[in-house]
Amino acid sequence: MKMAARTKARHESLGLSLEDVVQMYRVMLQTRMIGERMMQLNRMGKAMFVGVADGHEAAEVGSAWCIRKGVDWCVPYYRDVGVALVLGQTAKDQFLGVFAKATDPNSGGRQIVNQFSDVKAKMLSGSVHIATQFPHAVGLALAAKIRKQDHIVVTYGGEGATSPGDFHEAMNFAAVHELPVVFVIENNQYAISTPVKLQMAVANVADRAAAYGMPGVIADGTDVLDVYEKTKQACDRARGGDGPTLVEVKCYRYRPHSSDDDDSRYRSKDELQAWLQKDPIDKAAAYLLQQAVAASRLEDMRQEIAADIEAAITAAENDPDPDPATLTRYVYGEDAE
Amino acid sequence: MNIARDTALELYRVMGTIRRFEQRAEQLFGENKIWGTIHNYSGQEAVAAGVSAHLRDDDWITSTHRGHGHCIAKRADLGKMFAELLGRETGYCRGRGGSMHIADTSKGNLGANGIVGGGIPIAVGAALTAKQTKTDRVAVSYFGDGGANQGTFHEGLNLAAIWALPVVFVLENNQYAETNPVRDAFAVEDIATRAAGYGMPGVTVNGQDVRETYRAGGEAVARARRGDGPTLLVMDTYRYGGHYYGDPQVYRSKEEIEEWRAKRDPLAIARDWILTEKLASPADFDRIDTEVDAAVERGVKFAEASPPASPITLPEDVYAT
């Protein structure tokens with residue numbers, strides 16, 4: 001029997017190597033496992049407050065994979081642990097924030113958890129206020145256009161963040177000035193406790209894009225390759241000078257909104273179970289196995305990540321707390337040290 | 001849609017009153033009798049006249065910095081309006097607010113607003129009141145193309161759509177946000193497409209033809225009143241004057257202004273229509289014009305005879321008593 005002509009695997013047609021997909025999977029798994037430990041540390045009384053990304057792993061990793069490290073700017077939101085890890089933050093960096101240590105790269109232990117801010121990774125500090133990141137991202141994109149710089153900007157938010165006026169003003173300005181910015185909306189179906197059907201009278205966040213004259217596309221947030229593909233097209237469009245795109249990534253958060261939220265009051269276990277059947281990490285693992293990656297490699301990876309996380313927690317706990325005498329630092333500009 | 005003689009002439013009278021009011025306001029400004037600034041509504045008369053004709057006194061409007069026309073179409077007292085412009089104690093805000101703060105809650109006018117887009121959430125709040133109290137009252141928010149790019153527009157339209165509130169959003173596209181032309185402020189050709197982003201109907205209307213504004217306003221107000229939710233009406237219109245009195249208008253050409261005045265004047269269009277359909281005679285227009293002039297002059301006289309706002313009472317009305 002003759003072999004049929006070999007058709008390209010999905011990742012190949014997207015320009016990714018199998019090793020790329022393995023590394024995507026690694027960061028997704030790492031994101032999930034870090035979240036698990038963050039919640040445990042909160043319940044143990046060691047972490048004041050946490051918010052985790054369970055269920056968002058494909059949305060965050062697949063999209064962030066399109067960002068050129070050290071070139072493009074990223075303006076993430078508070079659930080984007082997966083984005084921060086792709087852009088070079090470590091497990092220890094996450095726990096330094098969880099424990100509010102002096103060495104926390106985001107804020108020196110001053111901000112609440114997940115307020116990513118990292119000059120090296122080109123992640124712009126956000127505000128806790130929902131949707132304020134969008135005008136900031138548009139400003140960075142305007143700077144790129146005016147200065148004729150090469151960078152694009154990828155910014156993130158939840159679907160709840162598309163209701164404040166900041167979103168509207170940012171989308172309109174980006175479209176009018178054809179700015180190199182990609183809006184990635186992680187639609188996890190709930191703005192804290194408000195379901196999407198009570199948040200907007202349209203079926204999709206992506207439907208809003210037409211009102212500004214920009215493309216709006218929908219990605220399957222349970223499929224890391226689909227998220228990568230849609231975001232990559234949007235980034236290529238921005239890099240080509242063709243303007244902004246709205247990418248809606250439909251996903252689901254498995255955990256409560258934060259460690260202070262009781263999600264049993266607004267959604268059913270059945271709904272969660274239905275989404276768990278489409279889990280993005282399971283899907284990615286199934287894809288890798290189908291592409292002949294050894295199961296033992298994936299299992300070893302899990303062990304390595306677990307060991308790395310335990311070491312990161314111990315190391316982070318042993319780092320110094322911020323000195324109260326330095327409280328007012330970073331409030332006003334200072335000369336670089 | 002056939003419009004009866006009485007309605008047609010009333011629409012004409014309201015538009016004529018707005019036009020004449022603005023002429024007199026500019027004269028008074030030139031005589032240094034008006035404090036602050038004024039924004040002239042001339043050219044846009046058909047919008048306020050056509051939509052507000054469908055409103056009752058217990059329906060609400062919110063207005064803008066360019067609000068004289070909205071106030072008049074909501075049956076404001078001309079004397080109290082002039083008095084407010086002239087800083088008199090008898091004005092709508094006892095002479096403290098001036099042109100941009102005329103409100104008349106007895107007629108459902110929740111006020112002009114110096115904040116661009118500021119009236120939109122207020123109208124949505126009023127519409128929420130109507131829904132919560134189970135009445136059939138309706139709110140209309142007038143705002144400009146510049147207001148449509150403020151975050152308040154987005155938040156207001158989204159909430160109105162989700163809750164199916166009885167509110168009509170009247171976007172007066174007068175082609176310029178101060179100096180910024182709409183083509184530099186929107187990346188869409190048809191601004192009414194914005195409505196689809198919220199799941200509500202969006203309609204583009206010829207804002208210079210009062211038949212069109214009356215028809216579209218009637219449909220949107222009726223839809224709101226029967227509980228079917230909000231509508232966005234985009235009224236294509238034009239302001240004849242500058243953004244403010246004294247605006248050098250370097251951002252548009254004289255030819256453009258003349259073209260709108262000559263071909264798309266709302267009063268001329270209304271006269272042509274009414275005469276063509278033989279709803280009235282030229283003598284009827286002469287009579288109405290005379291009455292309008294007299295009403296406006298009475299208003300000016302009332303204001304000029306009123307005492308100026310007293311600085312001693314300035315802190316009054318700041319807090320509720």
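Within the bounds of segment B:193-205, is there any residue that is within 13 Å of chain A (Cβ to nearest Cβ) and either among the β-branched types (Val, Ile, Thr) or under 30 Å from B:Gly30 (Cα atoms) (or both)?
The answer is yes, given that some residue of segment B:193-205 is within 13 Å of chain A (Cβ to nearest Cβ) and either among the β-branched types (Val, Ile, Thr) or under 30 Å from B:Gly30 (Cα atoms) (or both).
Which condition breaks for B:Val182 when tested against (1) aliphatic (A, V, I, L, M); (2) facing another protein chain (nearest Cβ under 10 Å); (3) under 20 Å from B:His65 (Cβ atoms)?
(2)
How many residues are surrounded by fewer than 17 Cβ atoms within 10 Å (Cβ to Cβ) and assigned to a loop (DSSP other than H, G, I, E, B) when one looks only at segment B:248-277?
Residues flagged as surrounded by fewer than 17 Cβ atoms within 10 Å (Cβ to Cβ) and assigned to a loop (DSSP other than H, G, I, E, B) within segment B:248-277 amount to 7.
Pairs please, first residue from segment A:281-307 and in contact (Cβ under 8 Å) with a residue 60 or more places away in the chain, second anywhere and open to solvent by 80 Å² or more (accessible area, probe 1.4 Å) and among the polar types (S, T, N, Q), Cβ atoms under 8 Å, 6+ apart in sequence or on different chains.
none
Among A:Asp207, A:Asp242, which is on the phi < 0 side of the Ramachandran plot, within 14 Å of another protein chain (Cβ to nearest Cβ), open to solvent by 40 Å² or more (accessible area, probe 1.4 Å) and part of a helix (DSSP H, G or I)?
Values: A:Asp242 fails: part of a helix (DSSP H, G or I).
Only one candidate passes the filter, namely A:Asp207.
Pick out the one residue from B:Leu110, B:Leu128, B:Leu159 that is hydrophobic (A, V, I, L, M, F, W, C), within 14 Å of another protein chain (Cβ to nearest Cβ), without any contact (Cβ under 8 Å) to a residue 60 or more places away in the chain and open to solvent by 10 Å² or more (accessible area, probe 1.4 Å). Give the derivation first.
Values: B:Leu110 fails: within 14 Å of another protein chain (Cβ to nearest Cβ); B:Leu128 fails: within 14 Å of another protein chain (Cβ to nearest Cβ).
Answer to the check: B:Leu159.
Based on what the data block shows, is B:Ala148 under 17 Å from B:Arg66 (Cβ atoms), assigned to a helix (DSSP H, G or I), aliphatic (A, V, I, L, M) and within 14 Å of chain A (Cβ to nearest Cβ)? Quick ask: steps written out before the conclusion?
On the way: under 17 Å from B:Arg66 (Cβ atoms): yes; assigned to a helix (DSSP H, G or I): yes; aliphatic (A, V, I, L, M): yes; within 14 Å of chain A (Cβ to nearest Cβ): yes.
Against the criterion (under 17 Å from B:Arg66 (Cβ atoms), assigned to a helix (DSSP H, G or I), aliphatic (A, V, I, L, M) and within 14 Å of chain A (Cβ to nearest Cβ)), B:Ala148 qualifies.
Filter segment B:276-311 down to residues that are in contact with a helix residue (DSSP H, G or I) (Cβ under 7 Å, 6 or more places away or on another chain) and among the hydroxyl-bearing types (Ser, Thr, Tyr), then give me how many there are.
Within segment B:276-311, residues that are in contact with a helix residue (DSSP H, G or I) (Cβ under 7 Å, 6 or more places away or on another chain) and among the hydroxyl-bearing types (Ser, Thr, Tyr) number 1.
Being facing chain B (nearest Cβ under 7 Å) and either hydrophobic (A, V, I, L, M, F, W, C) or surrounded by fewer than 21 Cβ atoms within 10 Å (Cβ to Cβ) (or both) is the filter here, so list the residues in segment A:170-179 that pass it.
Matches in segment A:170-179: A:Ala175, A:Val176.
Kindly check whether there is at least one residue in segment B:289-304 that is of a type in the set (Val, Ile, Thr), more than 24 Å from the chain's Cα centre (by Cα) and open to solvent by less than 80 Å² (accessible area, probe 1.4 Å).
Within segment B:289-304, not a single residue is of a type in the set (Val, Ile, Thr), more than 24 Å from the chain's Cα centre (by Cα) and open to solvent by less than 80 Å² (accessible area, probe 1.4 Å).
Would you check which residues across segment A:96-149 are β-branched (Val, Ile, Thr) and either touching a helix residue (DSSP H, G or I) at 6+ places or on another chain (Cβ under 7 Å) or closer than 17 Å to A:Val50 by Cα (or both) and list them?
Residues satisfying the conditions are A:Val98, A:Thr103, A:Ile112, A:Val113, A:Val128, A:Ile130, A:Thr132, A:Val138.
Within 20 Å of the chain's Cα centre (by Cα), within 12 Å of chain B (Cβ to nearest Cβ) and in contact (Cβ under 8 Å) with a residue 24 or more places away in the chain: is that true of A:Phe167 in this structure?
For A:Phe167, the condition - within 20 Å of the chain's Cα centre (by Cα), within 12 Å of chain B (Cβ to nearest Cβ) and in contact (Cβ under 8 Å) with a residue 24 or more places away in the chain - is met.
State all residues of segment A:76-95 that are touching a residue at least 60 places away in the same chain (Cβ under 8 Å) and either over 14 Å from A:Arg37 (Cα atoms) or surrounded by fewer than 24 Cβ atoms within 10 Å (Cβ to Cβ) (or both); if no residue qualifies, say none.
Once the filter is applied, which keeps residues that are touching a residue at least 60 places away in the same chain (Cβ under 8 Å) and either over 14 Å from A:Arg37 (Cα atoms) or surrounded by fewer than 24 Cβ atoms within 10 Å (Cβ to Cβ) (or both), segment A:76-95 yields A:Pro76, A:Tyr77, A:Arg79, A:Asp80, A:Val83, A:Thr90, A:Ala91, A:Lys92.
Would you call B:Ser306 in contact with a Ser or Thr (Cβ under 6 Å, 6 or more places away or on another chain) and over 30 Å from B:Asn2 (Cβ atoms)?
Spelling it out, B:Ser306 is indeed in contact with a Ser or Thr (Cβ under 6 Å, 6 or more places away or on another chain) and over 30 Å from B:Asn2 (Cβ atoms).
Would you check if B:Val205 is in a helix (DSSP H, G or I) and aliphatic (A, V, I, L, M)? Spell out how you get there, then give the answer.
Working: in a helix (DSSP H, G or I): no; aliphatic (A, V, I, L, M): yes.
So B:Val205 does not fit the description; no.
Taking A:Val154 as the residue in question, decide whether it is open to solvent by less than 10 Å² (accessible area, probe 1.4 Å), at pLDDT 95 or above, closer than 28 Å to B:Gly146 by Cα and assigned to a strand (DSSP E or B).
yes
Which pairs have Cβ atoms under 6 Å, sit 6 or more apart or on different chains, and link a residue in segment A:212-223 that is within 9 Å of another protein chain (Cβ to nearest Cβ) to one that is assigned to a helix (DSSP H, G or I)?
A:Tyr212/A:Met171; A:Tyr212/A:Asn172; A:Tyr212/A:Ala175; A:Gly213/A:Ala175; A:Met214/A:Ala175
The values are calculated or read from the model by the stated rules, or taken from the named source; none is laboratory data. Computed from a predicted model, the values in this text were never measured in an experiment. All Cβ positions, even for glycine, are placed from backbone atoms using ideal geometry, and neighbour counts span all protein chains on display. When the accessible area is computed, the model is the full protein with side chains, heavy atoms only, and any ligands, DNA or RNA have been set aside. Shrake-Rupley method; radii C 1.70, N 1.55, O 1.52, S 1.80 Å.
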